[in-house]
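A short worksheet on the structure shown next.
The values are calculated or read from the model by the stated rules, or taken from the named source; none is laboratory data. Since the structure is predicted, the reported quantities are computational estimates derived from the model, not experimental observations. Cβ coordinates were reconstructed from backbone atoms using ideal geometry, including for glycine residues, and neighbour counts include every protein chain displayed. These area figures cover heavy atoms from the full protein model, side chains too; ligands, DNA and RNA do not enter into them. Shrake-Rupley method; radii C 1.70, N 1.55, O 1.52, S 1.80 Å.
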Amino acid sequence: MMVVRPIQANDYKALRELARKTGPGFTSLQDNDEQVAAKLEAALIPFTAQSPPKEALYLFVMEDTETHEVVGICGIESAVGLTDPWYNYRVGTLVHASRELKVYNQISTLTISNDHTGYSELCTLFLTPEARHSKQGSLLSKSRFMFMAEFPQRFNEHLIAEMRGYSDDKGVSPFWEGLGRHFFSLDFAEADKISSMGKVFIAELMPKNTIYTNLLSKEAQNSIGKTHEATTPARRLLENEGMRYTGYVDIFDGGPTLEARVNDIRAIQESRYVKVHITDTPAKDKDEGELYLISTTKLCQFRCCMSTLTRAGNNLINVTPDVASALNIIEGTTVRIVRLSSGRRF
């Protein structure tokens, strides 16, 4: 069984191994010793601090309870842009028209923006290729919504997620080649490594004036708001939960930014508390076979897994001993549940 839990100090080796597998364009977890060590150090703070920092990184790993192998990672930034400016491009439209010449042109534009300052951010989602089956990607991603539902005071009412932008099979980003390269004498892969420590330097050297996208190459224009092939399933998952692309893209690779109000997220909105009854042979009912997310309610001991559920009574559910063991819970423990995907509630 897979369980998602807060990252721990002894997870460095596993985190470092995941960083070797992410590939070009995965800015938030690079194949870099210093970055991995810094990320782990930052992620331990909010789970132990007496009061939550304003800019906290909550990092979680997915662990196989049988082998204890860490196969995935996901995170939440409580707020972005409060220390270093948070930049992205706002995609807009300008009209150039002349009645006399009978000319009317709508031109797409890019304008540097700090509009998402203070928003919470979903980040650092990566699952090893071998583990991308049996809806484990959904568990890893949506476990963050269960955590946010449990601890809403730690997050902003608005949520964003930067999707990895398109790059070809050689790891080349058309958006970077069409725009960023003109201001940096760096290949995409090299710029990607540097940007892993922060994108502020990119924004500082980019033009501050509005950019007319028709001056970019066709390849660069077509990549604006386009998601990397490996990230497309993650985008669809978030969109099914209520997040939407509203015309903001990453200044580095042109990937889309999805956003939503936290309380409008389906998994957060529909989740509720129940108590558990642990049994080897739960009674069958009409909900058998439907997968649910099940999470615990304590900060440092937060756990989330997925399982089918059966009703044992009013606000009481049956869970197997394996589920109870994965969550570190006992008979009568209160947990939060929600259907893994949209549909009728339990």
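A few notes on this one:
- Sequence of Tyr248, Tyr12, Tyr87, Tyr292 from largest to smallest accessible area, 1.4 Å probe: Tyr12, Tyr87, Tyr248, Tyr292
- Rg over Rh for the chain works out to 1.02, both radii taken from alpha-carbon positions and Rh defined as the Kirkwood radius.
- For the residues Lys13, Lys298, Lys39, a 1.4 Å probe over the protein chains yields an accessible-area ranking, largest first, of Lys13, Lys298, Lys39.
- Selected from Phe252, Phe47, Phe126 as most flexible by GNM, with the chain as the system and alpha-carbon contacts under 10 Å: Phe47
- Shape summary of segment 98-159, radius of gyration then Dmax from alpha carbon positions: 21.0, 62 Å.
- Positive minus negative residues near Val249 (Lys, Arg vs Asp, Glu; Cβ under 11 Å): -1
- Area of Ile251 that stays accessible when all protein chains are in place (1.4 Å probe, Å², to 10): 0 Å²
- Candidate aspartates and glutamates - alpha carbon under 12 Å from Lys298, same-chain residues fewer than 8 apart omitted: Glu150
- In the chain, the portion of solvent-accessible area held by carbon and sulfur atoms comes to 48 percent [1.4 Å probe, whole percent, DNA, RNA and ligands not counted].
- The chain: relative contact order in percent, alpha carbon pairs under 8 Å with at least 6 residues between: 18 percent
- Per residue value of the accessible surface for the chain (all protein chains in place, 1.4 Å probe), Å²: 48 Å²
- Taking the chain as a Gaussian network of alpha-carbon nodes connected by springs under 10 Å, the highest mean-square fluctuation of the residues Pro174, Pro152, Pro129 belongs to Pro129.
- Bridge type composition, the chain - antiparallel percent by DSSP, nearest 5: 90 percent
- Build a GNM of the chain with springs between Cα atoms under 10 Å apart, and of Ser223, Ser78, Ser108 the one that fluctuates most is Ser108.
- Segment 201-295: Cα Rg divided by the 2.2 N^0.38 Å rule of thumb: 1.71
- Violating pairs (Cα-Cα greater than 30 angstrom) within the set Lys39/Lys275; Lys142/Lys226; Lys54/Lys208: Lys39/Lys275
- Value in Å of the Kirkwood radius, where segment 159-198 supplies the Cα pairs that are averaged: 11.0 Å
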